[in-house]
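Note sheet for the following structure.
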Amino acid sequence: MKRFVLFLPLIFFIGLGGFLYKGLFLNPKAMPSALEGKSVPEFRLLTVTKGDRVVTKADLTGDYYLLNVWATWCAACKAEHPYLLDIARSGVPIYGINYKDDIEAAAKWLSFYKDPYQFSAFDVNGQLGMDLGVYGAPETFLVDHKGIIRLRYAGVVDTNSWRVKFMPLIEEIKREMAEDKA
Amino acid sequence: MKYIIGLIATLLVLISTSSFAGSVDTYQFSKPEYETRFHDLNKILRCPKCQNQNLADSNSMISQDLRKEVYRLMEEGRSDEQIIEFMVMRYGDFVLYKPKVDNVTYFLWYGPIGFGVLGLIILSIVVVRQRNKKANAGGEQEQSNEELSDKEQQALDNILNKNK
């Protein structure tokens, strides 16, 4: 018993060391989203390309869809763009939120790089972005059939993040939809 | 002499104003107490983009927007709690420099006190034990000084006789 007590500090030290060692490899930028599990906030905005068309939350349709926050001033958005085109081609609807941007530059971007979006809401003062808890671009939200945000992904969507972060949740949403029908 | 005083006065004015030039945007507050509340809130709210700066310190786009939002909400007459709630709803507990006390942060808040108390308990146990040991040890020594066992007495006698 006495010998065990003598080993207590060592055990404590190993425990603490393990805990702190794990901390070395955590990503400090990974931030839990406050909006996962909540519904998409209401908005009323113009679109970037289709003249003076006003869009609201009711215009976001689809079994599940992506909300992608982008801007022409954001270099990473350019890197992400080809992959978004691929996703759109595979049949997943993407709605753009053009975040704090210049409308002419944004329209030019879409005609030059091609447009993966159903439409892009022109969020010039970042109000919708703020309601979504956006703090930069690009950010991508996955919304399910009930209009609930299932994932918020800050950063560039690429093959890897799509497979690891998005695909499992999309499968889950599909399963839930099948269950709801049954 | 007059010039020198004038120069010193100018310098003093420059020095005293430069320290307020940190934040670029200027706001007109409808009530004077709003201004202090505004600055206090900007100190305790954390910039979501920049890891370790508060809203007052940071000049990132999102911090400028959030400062504007704090100002807007305040002019709407919302309380500090409501403004903080507004930010937490959107950006999560991350925006609070002082974490809330809940299940997740319980250890963070009370852990250090717990460790302190644990340390004091261990220390007092060690001290008390040590004291008892000393007291016991002292007692034994006295006892052995007073009396020798028969064997010891025999041994002592032998030694003393040898030397004779």
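Looking at the range A:58-66, is at least one residue more than 30 Å from A:Glu171 (Cα to Cα), surrounded by 10 or more Cβ atoms within 10 Å (Cβ to Cβ) and away from chain B (no Cβ under 14 Å)? No: zero hits. For the range A:1-51, the set of residues classified as in contact with an Asp or Glu (Cβ under 7 Å, 6 or more places away or on another chain) and surrounded by fewer than 15 Cβ atoms within 10 Å (Cβ to Cβ) is empty.
So that you can scan it fast, the table gives a plain yes or no per residue for (1) at pLDDT below 95; (2) more than 14 Å from chain B (Cβ to nearest Cβ); (3) not in a loop (DSSP other than H, G, I, E, B):
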{"position": "A:Phe19", "(1), (2), (3)": "yes, no, yes"}
{"position": "A:Gly23", "(1), (2), (3)": "yes, no, yes"}
{"position": "A:Pro28", "(1), (2), (3)": "yes, no, no"}
{"position": "A:Thr49", "(1), (2), (3)": "yes, yes, no"}
{"position": "A:Val55", "(1), (2), (3)": "yes, yes, yes"}
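Within the range B:61-119, restricting attention to residues that are among the charged types (D, E, K, R), surrounded by fewer than 17 Cβ atoms within 10 Å (Cβ to Cβ) and within 14 Å of chain A (Cβ to nearest Cβ), the residue that is nearest to A:Pro41 (Cα to Cα) is B:Glu85.
Please verify whether B:Arg78 is in contact (Cβ under 8 Å) with a residue 40 or more places away in the chain and under 30 Å from B:Ser30 (Cβ atoms), treating the condition exactly as stated. Judged against the criteria, B:Arg78 is not a match.
Here is a check on your reading of the model: is A:Ala76 more than 30 Å from B:Leu118 (Cβ to Cβ) and either within 14 Å of chain B (Cβ to nearest Cβ) or at pLDDT 95 or above (or both)? Yes. Among the residues making up the range A:33-72, those that are in contact with a Lys or Arg (Cβ under 9 Å, 6 or more places away or on another chain), free of Cβ contacts under 8 Å to residues at least 40 places away in the same chain and not charged (D, E, K, R) are A:Val54, A:Thr56, A:Thr72. The set of residues from the range A:111-148 being facing chain B (nearest Cβ under 9 Å) and of a type in the set (D, E, K, R) comprises just one member, A:Asp131.
In the range A:49-60 there is no residue that is among the small types (Gly, Ala, Ser) and touching a strand residue (DSSP E or B) at 6+ places or on another chain (Cβ under 6 Å).
The values are calculated or read from the model by the stated rules, or taken from the named source; none is laboratory data. For clarity, every value in this text was computed on a predicted model and none was experimentally measured. Neighbour counts run over all protein chains shown; Cβ positions are idealised from the backbone, glycine included.
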